[in-house]
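Enquirer: Let me give you the structure first, and then I'll get to my questions.
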Amino acid sequence: MAKIAFIGLGNMGGGMCANLARAGHEVRAFDLSADAIAKVEKAGAKGASSVAEAVKDVDAVVSMLPAGKHVRGVYLGDDGVSANAPKSAVFLECSTIAVEDARSISADLKALGFDMVDAPVSGGTAAAEGGTLTFMVGGEEQAFERAKPYLEIMGSNIFHAGANGNGQVAKIANNMLLGISMIGTCEAFNLAEKLGLDAQTFFDISSKASGQNWSMTSYCPSPGPVPTSPANNDYKPGFAVAMMLKDMRLAKGAADSAGALTPLGDDALEFYTKLDEDGFGGLDFSSVMKRLKGEI
Ligand code: NAD
């Protein structure tokens, strides 16, 4: 049994923290929201009143926070993790943040003698609750090996992507592709339907032909063919437009700084930005379909 601090108990962190506690670890949990702490206490975690209290004498720190500025503040701020955790602890930073932030924060922590991995996730709140997340991990081999037993409790696929920051690279490149492929899939279904081919027939053919992709077969944006997809639930998320937009913006920033051309990524970013600006940020990202049909 290890002592683990968990910081950031929101939609994702709450379920992840609960799984670590249920696995028998001694988990001390902190969030700015008292309600979020109360929820994980029900699953067996102990609430802490500050980051400092949560990380005292721990073997590992796990964090699941909104953005890079929160991560920097929690780890490197006054009375944050690095000022209070033992040097022997390993840090598992699971938020989705900019590649540059992940690299600079881990380098600053390294200079203080701490090991961190960036371990962003694929999978939404159901996967966080079910312990079936996919983790894309950046960090040194020995830090990865130390982090892995904890990641295996929270996820079912754990990939070591290379040095610090590479977990975030995998995450944003993957999600940029997802954002693009969803728009392409919506365009194809809309075109087929407008030309007189119903969604199920097009699905049966294209899912066995060269247009096949995850947005179609696991998350079909037309109602019908994939019963679990948000298209069958009024496009309630799922994965909201606003969350896709966050990841596409991170991809764009990273692409610009690396000098990588992403013309379709840029178009997709513009498309999701417009949906969000028009007030549809809370709909599932497959609601691109509704826009193509002129319904929103
Ligand atoms: P959320 O807003 O529900 O949770 C974030 C939590 O962090 C909140 O409870 C907030 O109070 C807490 N927090 C903020 N600053 C803090 C601080 N200084 N100290 C302690 N707690 C603090 O967000 P979420 O949906 O759980 O997402 C968390 C991360 O996971 C994000 O980086 C997001 O991009 C990523 N992610 C989310 C999903 C998803 O489906 N929701 C999927 C994959 C990745």
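The values are calculated or read from the model by the stated rules, or taken from the named source; none is laboratory data. Please read these numbers as outputs of a predicted model, since none were measured by experiment. Methodologically, a virtual Cβ is constructed for each residue, glycine included, from the backbone with ideal geometry; neighbour enumeration extends over all protein chains shown. Please note that ligands, DNA and RNA were not included when accessible areas were found on the heavy atoms of the full protein model with its side chains. Shrake-Rupley method; radii C 1.70, N 1.55, O 1.52, S 1.80 Å.
Enquirer: From the phi angles alone, apply the Karplus equation (6.51, -1.76, 1.60; θ = phi - 60°) to region 132-137 and give each ³J(HN,Hα) in whole Hz, x where the residue is Gly or Pro.
Expert: 10, 5, 9, 9, 10, 10
Enquirer: Please tell me which of these pairs span more than 27 angstrom C-alpha to C-alpha: 148/236; 208/274; 39/87; 252/290? Provide the component values of the computation, followed by the final result.
Expert: Working: 148/236 33 Å; 208/274 33 Å; 39/87 30 Å; 252/290 25 Å.
Pairs exceeding the cut-off: 148/236; 208/274; 39/87.
Enquirer: Also, I was wondering about something else. Residue 155's amide H: which non-local residues (gap 5+, or another chain) put their own amide H closer than 5 Å, with H modeled 1.01 Å from N in plane and none for Pro or chain starts?
Expert: 133
Enquirer: Ok, one more. Mind checking which of 87, 110, 194 has the largest fluctuation in a GNM of the chain, springs on alpha carbons under 10 Å?
Expert: 194
Enquirer: Let me ask something else. Could you list the residues of region 225-261 with an amide nitrogen less than 19 Å from a label point located 7 Å from the Cα of residue 11 in the Cα-to-C-beta direction?
Expert: 228-251
Enquirer: When only Cα pairs under 8 Å and 6 or more residues apart are kept, what is the percent relative contact order across region 169-292?
Expert: Details: 147 pairs, mean separation 42.3, N = 124.
Relative contact order comes out at 34 percent.
Enquirer: Next up: Please give the charge dipole size of the chain, origin at the Cα centre, charges +1 on K and R Cβ atoms and -1 on D and E Cβ atoms. Round to the nearest 20 debye.
Expert: That gives a dipole near 340 debye.
Enquirer: Separate question: Once amide H atoms are placed 1.01 Å from N in the peptide plane, what residues at a sequence separation of 5 or more from residue 27, or on another chain, have their amide H within under 5 Å of its amide H?
Expert: Sorted by chain and number, the residues that satisfy this are 4, 46.
Enquirer: Please report the net charge: other residues with Cβ closer than 11 Å to the Cβ of residue 26, K and R +1, D and E -1.
Expert: Working: positive: 3, 28, 46; negative: 57, 59.
Once all neighbours under 11 Å are counted, the net charge is +1.
Enquirer: So how strong a dipole does region 49-128 carry about its Cα centre when Lys and Arg Cβ are +1 and Asp and Glu Cβ are -1, to the nearest 20 debye?
Expert: On the way: 6 positive and 11 negative charges, 20 e Å.
Approximately 100 debye in magnitude.
Enquirer: Pairwise over distinct Cα atoms, reciprocal of the mean inverse distance: report the Kirkwood radius of region 3-163 in Å, one decimal place. Could you put the intermediate results ahead of the total?
Expert: Numbers: mean 1/r = 0.0665 Å⁻¹.
For region 3-163, the Kirkwood estimate is 15.0 Å.
Enquirer: Also, quick follow-up: Determine the shape class of region 14-62: with a ≥ b ≥ c the square roots of the Cα gyration tensor eigenvalues, call it rounded for a/c under 1.5, and otherwise prolate if a/b is greater than b/c, oblate otherwise.
Expert: oblate
Enquirer: Hey, another quick one. Quick one: what are the phi-derived ³J(HN,Hα) couplings along region 64-78, Karplus 6.51/-1.76/1.60 with θ = phi - 60°, whole Hz, x for glycine and proline?
Expert: With coefficients 6.51, -1.76 and 1.60, one gets 9, 10, x, 7, x, 5, 5, 5, 4, x, 5, 7, 10, x, 4 Hz.
Enquirer: Using a 1.4 angstrom probe, figure out how much accessible area the chain has per residue, in square angstrom, rounded to the nearest whole.
Expert: Accessible area per residue, the chain: 44 Å².
Enquirer: Using helices alone, what [θ] at 222 nm do you get for the chain, with -39,500 (n - 2.57) per DSSP H run of 4 or more residues, divided over all residues and rounded to the nearest 500? The partial results should precede the final answer.
Expert: Working: 14 runs with 147 residues, N = 296.
Helices in the chain give a 222 nm mean residue ellipticity of -15000 deg cm²/dmol.
Enquirer: Based on alpha-carbon centroids, what's the gap between region 86-152 and region 220-279 in Å, whole number please?
Expert: 24
Enquirer: Next question. Sorted from largest down, give the three principal axis spans of the alpha carbons of region 86-202, whole angstrom values.
Expert: Computed over region 86-202, the largest-to-smallest principal extents equal 65, 29, 19 Å.
Enquirer: Here's another thing I want to ask about it. What are the residues whose amide H is under 5 Å from the amide H of residue 162, where those residues sit 5 or more places off or on another chain and H is modelled from the backbone?
Expert: 139
Enquirer: At 20 °C and 1.002 mPa s, what whole-number value in µm²/s does Stokes-Einstein give for the translational diffusion of the chain, with Rh from the Kirkwood sum over Cα pairs? Intermediate values should be presented prior to the final figure.
Expert: Numbers: Rh = 20.0 Å.
Estimated via Stokes-Einstein, D reaches 107 µm²/s.
Enquirer: Count the DSSP beta bridges whose two residues both fall in the chain, then state the antiparallel fraction as a percent rounded to the nearest 5.
Expert: Looking only at bridges with both residues in the chain, the antiparallel portion is about 15 percent.
Enquirer: How much space per residue, in cubic angstrom, does the convex hull of the C-alpha atoms of region 169-292 take up? Walk me through the numbers on the way to the answer.
Expert: Working: hull volume 12.6 nm³, N = 124.
Output value, Cα hull per residue: 101 Å³.
Enquirer: Now for a different question. Can you list the HN-Hα couplings for region 215-226, worked out from phi with the Karplus curve (6.51, -1.76, 1.60; θ = phi - 60°), rounded to whole Hz and with x for Gly and Pro?
Expert: Calculated HN-Hα couplings, in order: 4, 7, 7, 10, 8, 3, x, 9, x, x, x, 10 Hz.
Enquirer: Find the relative contact order for the chain and round it to a whole percent, using C-alpha pairs within less than 8 Å whose residues are 6+ positions apart. Show your work: numbers first, answer last.
Expert: On the way: 561 pairs, mean separation 38.1, N = 296.
Worked out over the chain, it gives 13 percent.
Enquirer: Now for a different question. GNM on the chain, C-alpha springs below 10 Å: top fluctuator among 40, 226, 241?
Expert: Maximum among the listed residues: 226.
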